[in-house]
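Enquirer: Got a structure here, written out as structure tokens. Questions coming.
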Amino acid sequence: MKNYKIEITQSETYVFDAEAENVGEASAIALIIFREAEKLGILHYNSTTGEAETIVTNVYDVTGTDDAPQK
């Protein structure tokens with residue numbers, strides 16, 4: 001039997017509207033809005049994916065190494 005470490009990435013996409021002078025300012029405003037929505041528990045209203053996308057991004061064969069798998 002071989003030993004593996006599996007890396008899983010979970011991501012979700014959100015969209016926010018911001019009125020700003022430039023891209024940098026718009027990004028800063030969006031981060032403020034994101035954090036406030038997260039704090040208030042209403043972030044799901046801005047989600048474009050509905051549910052987080054979960055994918056296996058890397059699989060490492062650690063057989064014969066000192067990186068013992070967790071049981």
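Enquirer: Can you confirm whether region 29-41 contains a residue that is without any contact (Cβ under 8 Å) to a residue 40 or more places away in the chain, assigned to a loop (DSSP other than H, G, I, E, B) and not hydroxyl-bearing (Ser, Thr, Tyr)?
Expert: Checking region 29-41: at least one residue is without any contact (Cβ under 8 Å) to a residue 40 or more places away in the chain, assigned to a loop (DSSP other than H, G, I, E, B) and not hydroxyl-bearing (Ser, Thr, Tyr).
Enquirer: On the basis of being open to solvent by less than 70 Å² (accessible area, probe 1.4 Å), among the β-branched types (Val, Ile, Thr) and either in contact with a Lys or Arg (Cβ under 7 Å, 6 or more places away or on another chain) or modelled with pLDDT of 90 or more (or both), does Thr49 make the cut?
Expert: In short, no.
Enquirer: List every residue pair whose Cβ atoms lie under 9 Å apart, where the two residues are 6 or more positions apart in sequence or sit on different chains, the first residue falls within region 1-16 and is within 12 Å of Phe34 (Cβ to Cβ), and the second residue, located anywhere, is surrounded by 11 or more Cβ atoms within 10 Å (Cβ to Cβ) and of a type in the set (Val, Ile, Thr).
Expert: Pairs found: Phe16/Ile29; Phe16/Ile33.
Enquirer: Determine if region 58-65 includes at least one residue that is over 17 Å from the mean Cα position of the chain (by Cα), among the aliphatic types (A, V, I, L, M) and at pLDDT 95 or above.
Expert: Looking through region 58-65, none of the residues is over 17 Å from the mean Cα position of the chain (by Cα), among the aliphatic types (A, V, I, L, M) and at pLDDT 95 or above.
Enquirer: Scan region 28-39 and give yes if some residue there is open to solvent by 90 Å² or more (accessible area, probe 1.4 Å), within 30 Å of Gln70 (Cα to Cα) and not aliphatic (A, V, I, L, M), otherwise no.
Expert: No, region 28-39 contains no residue that is open to solvent by 90 Å² or more (accessible area, probe 1.4 Å), within 30 Å of Gln70 (Cα to Cα) and not aliphatic (A, V, I, L, M).
The values are calculated or read from the model by the stated rules, or taken from the named source; none is laboratory data. If you're wondering where the values come from, they're calculated on a predicted model, not measured in any experiment. Positions of Cβ are backbone-derived with ideal geometry, glycine not excepted, and every protein chain shown enters the neighbour counts. Calculation scope for accessible area: heavy atoms of the full protein, side chains included, ligands and nucleic acids excluded. Shrake-Rupley method; radii C 1.70, N 1.55, O 1.52, S 1.80 Å.
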